[in-house]
Amino acid sequence: MPPIQYISKTNVPVRLTRIHPPLRRLYCRGVIPNFDLYRCLAVVGSRKPSEYGEKACRELIRDLKDYPILIISGLAVGIDSIAHEAALQNNILTVAVPGSGLDEKVIYPKSKLPLARRIVAAGGCLLSEYSSDEPMGSWVFPERNRVMAGLADAVLVIEATRKSGTSITARLALDFGKDVLAVPGSIFSSLSEGPHYLLQQGAIPVHSARDIVEALGLEWRDPEAENQTKINEIKQTLFTNCTTAEKELLALLPSTRDNLIQSLKKPVDEVQMILSLLEIKEIIREEAGKINLK
């Protein structure tokens, strides 16, 4: 990894000048992003998530990949590291705030050192207010959590007990005027106690990535609608080089031969001829009895 840098007070991200207690100092490994270019989402949760929690974390972050969203978490085992991994897998910039100094000998947890290296290699960074060789200590985590909450525009909670570091991060986010989002869970799981309590207190419920995108003040783009728009654009391009009869048929795709013959109200031989010409032009294909654009 690149060397550890001390960040002078004049270069500390503005977001971190507003936290309480005030930031003592800041060290970085990697490149500090321009946080103002992104909507920053801190993702926190249980260190021992259920299969449901892990799946929710991975799929929600996956569906954020087409938006200017940056993922922040604490590099810890569980939801934190899953969030970082999901971000990396989907080419989403991610920043880690470990509960230790940034020297490789003390980074906590040690098992996540390879993940820390990947975060930096992908253009993200590690941030800490602790001296390079300061090891993890129990007092560190509440302090670390305020840094995460301060960097974020919103905090997403995925599985946590009522009394946990995750709950501390959510409370700090509220103190700093940030939105808190929570993924509902099973009423039979103790890991749902934290998110459900937050929901009772007014947290934004998250059922899909759309809830996150809109909570961050961005406009949701419906993938299905965008896909249909692309299909329509392709059709329009194809129509330019087609006869009137071919355009009429293409406008009805996807369809079956029988439905095309019925809809076009043309002789069977004529429809078959149009289809043959379109296949020769490599504009259409037929699979499993259905005709569609190639």
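FYI, it's all coordinate maths here, none of it is from the lab. From a predicted model like this one, the values you see are computed outputs, not experimental measurements. Methodologically, a virtual Cβ is constructed for each residue, glycine included, from the backbone with ideal geometry; neighbour enumeration extends over all protein chains shown.
Based on the Cβ-Cβ distance from residue 233 to residue 269, what FRET efficiency comes out when R0 is 30 Å, to the nearest 0.05? Walk me through the intermediate numbers first.
Values: r = 32 Å, r/R0 = 1.07.
It comes out at approximately 0.40.
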Rough spin-label spacing in nm, given labels placed 7 Å along Cα→Cβ, for residue 110 and residue 220: 4.5
What list of ³J(HN,Hα) couplings, whole Hz, do you get for region 39-45 from phi and the Karplus terms 6.51, -1.76, 1.60, once you set θ to phi - 60° and write x for glycine and proline? 9, 9, 10, 8, 10, 9, x
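Using DSSP to define loop residues, name the chymotrypsin sites (Phe, Trp or Tyr not before Pro) in region 180-227 whose beta-carbon has at most 15 other beta-carbon atoms within 10 Å.
Numbers: sites: 188, 197, 220; in loops: 188, 220.
For chymotrypsin sites (Phe, Trp or Tyr not before Pro) across region 180-227 that sit outside H, G, I, E and B with at most 15 neighbouring Cβ atoms in 10 Å, the list reads 188, 220.
Going by average Cβ density within 10 Å per residue, which order do the peptides 124-130, 206-212 take, highest to lowest? Show your work: numbers first, answer last.
Working: 124-130: 23.7, 206-212: 17.0.
Result, highest mean first: 124-130, 206-212.
Compute the Cα gyration tensor for region 42-153, then decide on rounded, prolate or oblate, letting a ≥ b ≥ c be the square roots of its eigenvalues: rounded whenever a/c is under 1.5, prolate when a/b is larger than b/c in the other cases, and oblate in all that remain.
Numbers: a/c = 1.68, a/b = 1.48, b/c = 1.13.
Cα axes put region 42-153 in the prolate bin.
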Looking at the chain, send over the antiparallel percent of its DSSP beta bridges, to the nearest 5. 40
Rounded, prolate or oblate: which one fits region 78-231, using the alpha carbon gyration tensor with axes a ≥ b ≥ c (rounded when a/c is under 1.5, else prolate when a/b beats b/c, else oblate)? oblate
Can you run phi through the Karplus equation (6.51, -1.76, 1.60; θ = phi - 60°) for region 64-72 and list ³J(HN,Hα) in whole Hz, with x for Gly and Pro? 9, 5, 9, 10, x, 10, 10, 9, 10
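For a Förster distance of 35 Å, can you work out the FRET efficiency between the beta-carbons of residue 34 and residue 208, rounded to the nearest 0.05? Before the final figure, lay out each step's value.
Numbers: r = 28 Å, r/R0 = 0.81.
Here the calculated transfer efficiency is 0.80.
Averaging sequence separations of C-alpha pairs under 8 Å and six or more residues apart, then dividing by the length of the chain, give the relative contact order as a whole percent.
Details: 521 pairs, mean separation 43.4, N = 294.
Normalised by residue count, the contact order of the chain is 15 percent.
Would you calculate a helix-derived [θ] at 222 nm for the chain, using -39,500 (n - 2.57) for each DSSP H run of n ≥ 4 and dividing by the full residue count, to the nearest 500? Don't jump to the answer; show the numbers that get you there.
Details: 11 runs with 116 residues, N = 294.
Helix contribution divided over all residues of the chain: -12000 deg cm²/dmol.
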Calculated from the structure, semi-axes √(5λ) of the Cα gyration tensor in Å equals which of (1) 35, 23, 19; (2) 51, 21, 16; (3) 27, 26, 19? (2)
